[in-house]
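Below you'll find the structure, written out as structure tokens, and then a few comments.
The values are calculated or read from the model by the stated rules, or taken from the named source; none is laboratory data. The shown structure was predicted, so the numbers you read here are calculated from the model rather than taken from an experiment. Please note: Cβ atoms are built from the backbone with ideal geometry, for glycine as well, and neighbour counts cover all protein chains shown. What goes into the accessible areas is simple: the full protein's heavy atoms, side chains included, and nothing from ligands, DNA or RNA. Shrake-Rupley method; radii C 1.70, N 1.55, O 1.52, S 1.80 Å.
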Amino acid sequence: MLIRAYAKVNLFLKILNKRQDGFHNIESLMSPVNLFDLLKVQKSRQFRITCNDKTIPVDENNIISKTFALVQKEYNLKHQVDVCLYKNIPSGAGLGGGSSNAAAFLQILNEIFSLKMSFDDKVDIMSKVGSDTVFFLYNQPAFVRGRGEIVDKTAVLPSFYVLLVKPPVTISTSSVYSDKNLTLTPYNTVSNMHPVLNYTDVLDSVDNGLQNVVFKRYPETYLIKEKMLALDADAALLSGSGATVFGIYSSKKYLNKAYDYFKIFNKSYFVYKTENINNVI
């Protein structure tokens, strides 16, 4: 079976408080974008992952391996699979590539082995795998809370263009959350947004409680954001813990102008123009 695993951006990300389990409570508005990895999975005599990106681990440290181990344990699964992972989403980018891979892989396992998982069963497994993996079971815009496992899929967004730019740095999410300069968002300032947003609502909502930490550590990300705004982005923001900065555009003309600039400016940048998607079929 072949399946797409879509990337996401955080239109806003508020960091609330540190929990007893070591994670932080967050509030975020996430949206899939039309950039995806491909997973091909088939039954096999032994478990194996192959990947076109040699920087991606293919051993037990890969989130797909962790997902498979959990499913084996929970469902007494004796079979093995061969996984071919074709990466388009850069790693360490704040685009959720690994989490999306895990959720897509779980969907395939359920089909291949007729595990008859309920949606709640899938949520339970994904919440054990990672903080934002549950979102990718929905694959539509959603408000995300808790440590990322509480998903409210009532968000409805307008269509807009998105430019993704990632410099050649990989950022550790845990190190950003543990940074002494991390500023928490007081509970009384957390927004209760209407589920249906127009374009102005989207632009007014953009915020990321992690970006000041990342901008100080990696000034290049801040410069990318400022250049996007100078190149007529309607808004620009760090996605997740970075290192991707994304611009939001209503005009394809301005999207293309910024895309052309960044493609020429630095050949080591990952630069991708796309759009948000409201529902992944």
How far apart, in nm, are two points set 7 Å out from the Cα along the Cα-to-Cβ line at residue 152 and at residue 172? 3.4
How large are Rg and Dmax for the stretch 10-117 when only the alpha carbon atoms are used, in Å? 15.7, 46
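Tell me the mean residue ellipticity at 222 nm calculated for the chain from its helices only (DSSP H runs of n ≥ 4, each -39500 (n - 2.57), averaged over every residue, nearest 500). If you can, show how the numbers build up before the last one.
Details: 9 runs with 89 residues, N = 281.
Using -39500 (n - 2.57) per qualifying helix, the result is -9500 deg cm²/dmol.
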Across 10 Å bins from the origin, how do the percents of Cα pairs in the chain run, short distances first? 6, 29, 35, 22, 7, 0
How long, wide and thick is the stretch 215-281, going by the Cα atoms along their three principal axes, in whole angstroms, largest first? 37, 25, 22
Compute the angle between helix 97-112 and the longest alpha-carbon principal axis of the chain, please, reported from 0 to 90 degrees and rounded to the nearest 10. 30
How long is the gain from residue 74 to residue 1 if the chain were fully straight, where each residue apart is worth 0.36 nm and the alpha carbon distance is subtracted? 24.1 nm
Stretch residue 226-residue 251 to full length: gain in nm at 0.36 nm per residue minus the Cα-Cα span? 7.2 nm
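Order 3, 150, 64 by their accessible area, 1.4 angstrom probe, all chains in place, largest first.
Values: 3 45, 150 90, 64 0 Å².
Sorted descending by solvent-accessible area, the residues read 150, 3, 64.
First obtain the Kirkwood hydrodynamic radius of the stretch 133-281 from its Cα pairs, then insert it into the Stokes-Einstein equation at 20 °C and 1.002 mPa s, and state the resulting D in µm² per second as a whole number. List each step's numbers first, then the result.
On the way: Rh = 16.5 Å.
D = 130 µm²/s.
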If a/c stays under 1.5 just call it rounded; otherwise compare a/b with b/c (prolate if a/b is bigger, oblate if not). Do that for the stretch 128-213, with a ≥ b ≥ c from the square roots of the Cα gyration tensor eigenvalues. rounded
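Leaving out ligands and nucleic acids, and using a 1.4 Å probe, what accessible area per residue does the chain come to in Å²?
On the way: 13130 Å² over 281 residues.
Roughly 47 Å² per residue, with all protein chains present.
Between residue 203 and residue 52, how high is the FRET efficiency from 1/(1 + (r/R0)^6) when r is the Cβ-Cβ distance and R₀ = 30 Å? Nearest 0.05.
Working: r = 36 Å, r/R0 = 1.20.
So, using R0 = 30 Å, E works out to roughly 0.25.
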Around residue 29, with a cut-off of 14 angstrom between Cβ atoms, what is the net charge of the other residues, counting Lys and Arg +1 and Asp and Glu -1? -2
May I ask for the angle, rounded to the nearest 10°, between helix 219-230 and the longest principal axis of the chain, with both axes built from Cα atoms and the value confined to 0 to 90°? 60
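In whole percent, how big is the carbon plus sulfur part of the accessible area of the stretch 152-235, probe 1.4 Å, protein atoms only? It would help to have the intermediate numbers written out before the result.
On the way: 2340 of 4500 Å².
Carbon and sulfur: 52 percent of the exposed surface of the stretch 152-235.
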Angle check, please: helix 252-265 long axis (alpha carbons) against the longest principal axis of the chain (alpha carbons), in degrees 0 to 90, nearest 10. 80
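If r is the Cβ-Cβ distance from residue 267 to residue 179 and R0 is 35 Å, what FRET efficiency results, to the nearest 0.05? Don't skip to the end; give the middle numbers.
Values: r = 30 Å, r/R0 = 0.86.
Once rounded, the FRET efficiency stands at 0.70.
In whole percent, and with a 1.4 Å probe on the protein chains, what portion of the accessible area of the stretch 17-141 is carbon and sulfur?
Details: 2530 of 5660 Å².
Answer for the stretch 17-141 is 45 percent, counting heavy atoms of protein chains only.
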